[in-house]
Amino acid sequence: MSTLIFDIETVGVNFDTLDEKTKENLTAWIKRESESEADYEKSLEVLKAGLGFSPLTGEIVAIGVLDADKEKGVVYFQSPEKDIEDFEEGGIKYKAMGEDEMLAAFWEGAKSYQEFVTFNGRAFDAPFLNIRSAIHQIRPSVDLMSNRYLSSQKFGPRHVDLADQFTYYSAMRKHPSLHLLCRAFGIQSPKEGEVTGDQVGQLFFNKEYEKIARYNAGDLFATKTLFEYWNTYLKF
C-alpha cells in the first residue's frame, strides 16, 4: 500500500485589515466575557495569534508531503515578495509557489496514494486543506475526512491520524502533542530546533520562508518515524 505523510503550516490574516463586521463577529465573545479593559486586550491578542487556526481567517504557507517507502518528498511553500529557486536537501525538494498552486500540486500528487498519515490531520490539516481548496475553486481529489475509525475505512483512501491512534480515539484522558510522543519514543522532535509552530506567523512576517519550509520537513520525518512505531507495535 503506497503511503503518503503530509503536514501543513498556516498563518492568520492581519486582524487590522479585516472589515468591521468581521472584527465584531470575532470579538463578540471577548466583549461579553472580559471583566476589564486589560482582560479584553489580553484576550484580543490571543485571538489575533490564533487566526491561523481557521481556514476562514488564515491561509496555508507550507504543505509538506513524504513518501513513506521512498523516504523522498516535497515541501511546497509560499515566498511572497521573495524570489526563491527550487532546492533540495535530505531527500526533500523545496518549491516556492502560491497557495492555490500548492493546493493543486498536493491534490494531484494525492491521487497516487492509498494511505495517508498525519498527526492531528483529521482535526486540522485535512479540513483546512479542503476549505482552502474550495475557496480557490479547487476540488480535492481524495476524501481525507470520511470514516474516522480505521475499522470503518473499507473503501477509498485510508487516513491514519496518529493523534487518534495514540489516544485510542480520545479514550486517553490526556492528549499528547507530537513533541511529547517523540520524546517518549526517542524520536528527534522538530519542536526542539530553532523554530516552533507558534513562531510560523512571525517567521512569515519576517520573510524567513525557508525556515518555515524546513520546519515543515522536520514534522514530516518525525511523523513518519512515529507511524513506524505504531505500525510495528500497536496496529492490529
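The residues on offer are V142, V160, and the sole one that is assigned to a loop (DSSP other than H, G, I, E, B) and modelled with pLDDT of 95 or more is V142.
Looking at region 196-220 only, could you name the residues that are within 14 Å of the chain's Cα centre (by Cα) and closer than 14 Å to V75 by Cβ? Across region 196-220, the qualifying residues are V200, I212, A213, R214, Y215, N216, A217, G218, D219, L220. Just one of the numbered conditions (1) of a type outside the set (G, A, S); (2) surrounded by 14 or more Cβ atoms within 10 Å (Cβ to Cβ); (3) out of contact with any helix residue (DSSP H, G or I) (no Cβ under 9 Å at 6 or more places or on another chain) is not true of M172: (2). Taking the residues in region 81-93 that are assigned to a loop (DSSP other than H, G, I, E, B) and touching a residue at least 40 places away in the same chain (Cβ under 8 Å) as candidates, determine which candidate is surrounded by the most Cβ atoms within 10 Å (Cβ to Cβ). Filtering region 81-93 for residues that are assigned to a loop (DSSP other than H, G, I, E, B) and touching a residue at least 40 places away in the same chain (Cβ under 8 Å), the one surrounded by the most Cβ atoms within 10 Å (Cβ to Cβ) comes out as I84. Scanning region 108-139 for residues that are part of a helix (DSSP H, G or I), of a type in the set (A, V, I, L, M) and more than 23 Å from T57 (Cα to Cα) returns a single hit, A110. Could you go through region 229-236 and let me know if any residue there is surrounded by fewer than 21 Cβ atoms within 10 Å (Cβ to Cβ), basic (K, R), on the phi < 0 side of the Ramachandran plot and assigned to a loop (DSSP other than H, G, I, E, B). Yes, there is a match, as at least one residue in region 229-236 is surrounded by fewer than 21 Cβ atoms within 10 Å (Cβ to Cβ), basic (K, R), on the phi < 0 side of the Ramachandran plot and assigned to a loop (DSSP other than H, G, I, E, B). For region 17-44, filtering for residues that are within 30 Å of V75 (Cβ to Cβ) and part of a helix (DSSP H, G or I) leaves 1. Looking at the structure I just gave you, is K154 surrounded by fewer than 19 Cβ atoms within 10 Å (Cβ to Cβ), under 25 Å from W230 (Cα atoms) and over 17 Å from the mean Cα position of the chain (by Cα)? Yes. Selection of region 98-108 for residues being of a type outside the set (F, W, Y) and either in contact with a Phe, Trp or Tyr (Cβ under 6 Å, 6 or more places away or on another chain) or farther than 22 Å from E210 by Cα (or both) yields M102, A105, E108. Per the conditions (1) part of a helix (DSSP H, G or I); (2) touching a strand residue (DSSP E or B) at 6+ places or on another chain (Cβ under 7 Å), the sole criterion not satisfied by D100 is (2). Taken over region 55-112, the criterion of being under 16 Å from G218 (Cβ atoms) and acidic (D, E) is satisfied by E71, E88, E89. If you go through region 154-175 and keep only what is aliphatic (A, V, I, L, M) and closer than 24 Å to L220 by Cβ, you end up with V160, L162, A163. Scanning region 175-195 for residues that are loosely packed, with under 14 Cβ neighbours inside 10 Å, under 19 Å from the mean Cα position of the chain (by Cα) and outside any helix (DSSP H, G or I) yields a count of 4. The residues on offer are S43, S54, and the sole one that is of a type in the set (G, A, S) and over 16 Å from the mean Cα position of the chain (by Cα) is S43. Answer yes if at least one residue in region 156-166 is more than 18 Å from G109 (Cβ to Cβ), without any contact (Cβ under 8 Å) to a residue 40 or more places away in the chain and of a type outside the set (G, A, S), and no otherwise. No, region 156-166 contains no residue that is more than 18 Å from G109 (Cβ to Cβ), without any contact (Cβ under 8 Å) to a residue 40 or more places away in the chain and of a type outside the set (G, A, S).
No other residue among E9, E81, E59, E108 is more than 26 Å from D161 (Cβ to Cβ) and acidic (D, E) apart from E81.
The values are calculated or read from the model by the stated rules, or taken from the named source; none is laboratory data. Because the structure is a prediction, the values reported are computed rather than measured. No Cβ is skipped: glycine too gets one built from the backbone with ideal geometry, and neighbour counts run over all protein chains shown.
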